[in-house]
Each structure stands twice: as C-alpha cells, then as structure tokens.
1. Tell me the relative contact order for the chain as a rounded percent, counting alpha carbon contacts under 8 Å between residues six or more apart.
2. By counting other Cβ atoms within 10 Å of each Cβ, how are SER90, SER208, SER11 ranked from fewest to most?
3. If I take the Cα coordinates of the stretch 3-250 and project them onto the principal axes, what are the three extents in Å, biggest first?
4. Describe numerically, in nm with one decimal, the distance between label points set 7 Å from Cα along Cα→Cβ at ASP42 and at GLN137.
5. Please report the equivalent ellipsoid semi-axes of the stretch 169-241, computed as sqrt(5 x eigenvalue) of the Cα gyration tensor, largest first, in whole Å.
6. Out of GLY159, TRP46, HIS174, whose Cα points farthest toward the positive end of the dipole of the chain (charges: +1 Lys, Arg; -1 Asp, Glu; placed on Cβ)?
7. Rank ALA119, SER11, PRO75 by how far each Cα sits towards the positive end of the charge dipole of the chain (+1 on Lys, Arg Cβ; -1 on Asp, Glu Cβ) and give me just the farthest.
8. Using the 4.7 Å Cβ rule, please list in number order the cysteines from the chain without any candidate partner.
Amino acid sequence: MQAEKLYEKLSKRLIELEKLPKLKENKTISKHLDEKGISRRDFMKWAAAITAMLALPGTFTPLVAKAAKLADRLPIIWLHMAECTGCSESLLRTDAPTIDSLIFDYISLEYHETLMAAAGWQAEENLENAIEKYKGQYILMVEGGIPSGENAHFLTIGGHGKTGEQNAIDAAEHAAAIFAIGTCSSYGGVQAAIPNPTGAVALSKVTSKTVINVPGCPPSEKNIVGTLLHYILYGTLPALDVYNRPKWAYGLRIHDLCERRGHFDAGEFVEEFGDEGAKKGFCLYKVGCKGPYTFNNCSKNKFNSHMSWPIQAGHGCIGCSEPGFWDTMGPFEEPVANRLYNTVFKGLGADATADKIGVGLLTVTGIGIAAHAVISKIKNPKDGEE
Ligand code: FSX
Ligand code: SF4
Ligand code: F3S
C-alpha cells in the first residue's frame with residue numbers, strides 16, 4: 001500500500017479508537033511520563049524508533065505516538081502458564097523504567113497474575129469478569145507453555161482448580177487478538193523439551209484461532225510493546241513468517257544483523273572462550289553461536305534497558321526464538337556441525353565448518369554471503385578442517 005493511503009487508513013483507525021472510553025482513570029501519557037522524568041522529546045524519539053522498527057516511514061512517527069496515547073482504550077488480559085515469568089520481567093523489572101515498560105503501566109491491563117493484588121477466588125472471579133465485560137474486544141497475551149490433554153492437571157490454577165489449558169481455551173474464545181508472548185507460549189518452550197513430562201504445548205495448539213507468536217526466551221521489551229502498538233495502529237494482524245512471527249521483528253536472522261558478521265565473513269573466529277579472538281570480538285560461530293539459524297532482531301533492540309544482548313556480551317546466540325531450541329540447538333557452546341536440527345533450515349545439518357554454513361544457507365535464503373564465504377575459505381589457512 002502506498003504510504004499516503006496507509007497513513008490515511010491508520011489515522012482513521014486511531015480516530016475511531018479515540019472515540020472509545022478510557023478504560024481506567026488514567027493521567028494523560030505525557031503526565032505519566034513527566035512524573036517519571038521522561039521528557040516529550042524523549043517520548044518522540046522513542047516513537048520514532050518504534051516507527052522505524054515497524055518498518056514505517058519516519059513521517060508516521062506522530063501516528064505511533066498517538067497509538068501509544070490510546071493504549072489505554074483496549075483491554076488486555078495476560079495469562080501465565082508454565083514458565084519462568086522472564087517475559088514479564090523482561091518488560092517490567094528494569095532499574096530505571098524505560099518508556100516501553102511505562103506503556104505497560106499505562107495500558108488497561110485487566111488481568112495479570114504477577115502484577116495484580118488479588119489471589120485465589122478473587123483472582124479467578126476477576127478473570128471471568130474481565131472476559132465477560134470485554135467479550136470480543138480484549139487482547140489476550142499468554143506467557144508460558146500449556147500442559148495439555150491428559151497432562152493438563154499439571155497446571156491447575158485458582159479456587160475452582162481449573163487447568164491452565166481450560167483458562168487459555170476460555171480466554172482465547174472471546175479475544176479480539178491473541179499473542180503468544182515468549183518461546184514457551186509460542187512453541188512450548190523449556191518445559192516441552194524432551195521428554196516433556198507435563199505434555200506442554202504451544203498456545204496455538206489449544207485454540208483454533210490465529211495466534212501471533214512473539215518468541216524469545218525472553219522476548220525483548222521492544223518486541224512485546226511493538227506487537228501491541230502494531231495492533232493498536234492497524235487493528236489487523238501483521239505480516240507473518242512460517243511460524244506466525246511478525247516479519248517486522250523476526251524477518252531477518254541474528255547472523256544478518258550481527259556486529260561480529262564482518263569477522264565471520266573474514267574467517268576470524270573465537271576458538272575458545274577467553275582466547276585472543278574473544279578479546280578482539282571475533283565471530284562466535286565455533287563456540288556455538290546459532291545466529292545463522294535464528295530469526296530475531298536482538299542486536300537492534302537489546303535487553304536490560306537496551307544495554308546489551310548475548311553476542312555483544314561475548315556468548316553465542318542459543319537460538320532462543322526458534323521452535324524446540326532446547327532440543328535442537330544444544331549443546332549451546334558447540335557448533336551445529338554435522339548434527340541435524342529442526343529449524344526452518346531443516347536438513348542443512350551436514351555443515352562441517354563455518355564457511356560451509358555460509359554457502360549452505362545461501363542456497364536456502366538467497367542472501368549473498370557466498371562470495372564472502374568462499375573468500376574466507378581461501379583466506380583462512382588456520383582453519384584446518386577442510
Ligand atoms: Fe518462557 Fe516467559 Fe523463557 Fe521464561 O514466562 S520464554 S521460560 S524467559 O519467561 O515463557
Ligand atoms: Fe554473529 Fe554468530 Fe553470525 Fe558470528 S555466527 S556473525 S557471532 S551471529
Ligand atoms: Fe535469544 Fe539469540 Fe537473541 S539467544 S536473545 S535469539 S541473540
């Protein structure tokens with residue numbers, strides 16, 4: 001769609017949203033941010049960054065800012081299943097709250113087990129009331145894998161002892177949009193690792209409705225907030241990849257966005273942790289980096305108030321936003337080498353060296369790294385495996 005037409009469409013959507021009542025007695029977002037010491041200038045800088053992240057032209061920044069202001073018009077129900085709560089923590093527990101985490105303070109979070117004061121019977125009633133009151137309007141966000149079928153009892157919640165699976169099914173039924181937050185909810189996660197004793201599955205396995213996956217263990221706060229703002233802006237689902245991940249966030253591989261990529265192309269690798277190559281910031285492929293098989297934008301968004309990300313910190317990517325990574329990407333500090341694995345590159349497991357990985361991936365993705373890979377082969381006499 002042409003930019004002007006899209007601008008018009010999104011503006012109209014926001015005008016409609018603006019007519020909806022505020023769901024809680026909120027201060028304006030400017031006042032909310034002001035009280036936390038965040039200036040309007042910082043807010044607009046943040047809106048510009050989100051605009052770029054959502055692959056929209058810079059002229060859309062005022063629309064993104066407005067979408068953030070209207071974030072209190074849509075009710076959100078956030079359920080916890082089997083997980084570590086790291087996804088919520090990624091968003092909420094920063095020492096100096098970022099604008100992303102403050103947006104979550106500001107939205108109308110009707111139900112969130114970690115944050116609410118209610119417990120037991122009262123919590124259960126709150127959930128039922130929120131579903132009833134906002135039928136067909138609420139956004140459902142679910143964190144955690146879901147013990148299912150005959151194992152569903154492994155996750156039993158609340159006064160009436162409902163299973164997590166039943167809660168997820170009931171909440172999904174009347175949701176306007178459904179987001180699986182984190183790898184556990186997107187694909188089952190750590191509790192679904194072999195032998196999966198609780199029969200944990202992805203949210204998409206317990207509902208027939210479309211689920212947008214926002215994986216990562218945990219996902220970055222920007223990907224969580226970006227997903228929400230995208231929905232506020234468009235009111236429709238984003239373009240998705242084969243695993244139902246938004247393409248704006250998961251369209252490229254870690255390897256394509258990596259600051260160490262130049263070293264991969266030049267055949268400069270860390271051979272073991274702590275060596276000279278590690279000190280020089282060389283590529284981590286040989287110490288297990290799974291960046292070539294993992295789709296996410298971590299290098300752009302980073303974690304801990306956007307401070308760092310795994311590869312910047314000196315460890316390879318462990319593939320945490322791919323399905324079944326606990327089983328398929330390990331051992332985490334060894335290269336994939338000759339093992340088979342089960343990502344979108346299924347069957348590409350016969351790669352013995354980093355150079356071959358480059359060539360192998362080229363045939364699948366068409367991304368032009370063959371020339372570099374061939375050059376690095378020639379230039380890399382220390383690589384004796386060939
Ligand atoms: Fe899973 Fe979220 Fe990993 Fe943890 O709860 S994606 S275990 S970071 O936190 O679901
Ligand atoms: Fe970066 Fe890992 Fe790719 Fe090396 S293998 S360039 S460290 S993503
Ligand atoms: Fe996960 Fe790899 Fe990013 S391990 S956090 S997808 S760098």
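1. Worked out over the chain, it gives 13 percent.
2. SER208, SER11, SER90
3. So the three principal-axis extents are 52, 39, 35 Å.
4. So the two model labels end up 3.3 nm from each other.
5. Semi-axis lengths for the stretch 169-241 are 23, 16, 9 Å.
6. Positive-end residue among those listed: TRP46.
7. Selected residue: SER11.
8. CYS84, CYS87, CYS184, CYS258, CYS283, CYS289, CYS298, CYS317
All of the numbers you see were taken from the coordinates with simple rules; none came from a lab. Only a predicted model underlies this, so the values are computations on that prediction, with no experimental measurement involved. Glycine gets a Cβ as well: all are built from the backbone with ideal geometry, and neighbour counts include every protein chain shown.
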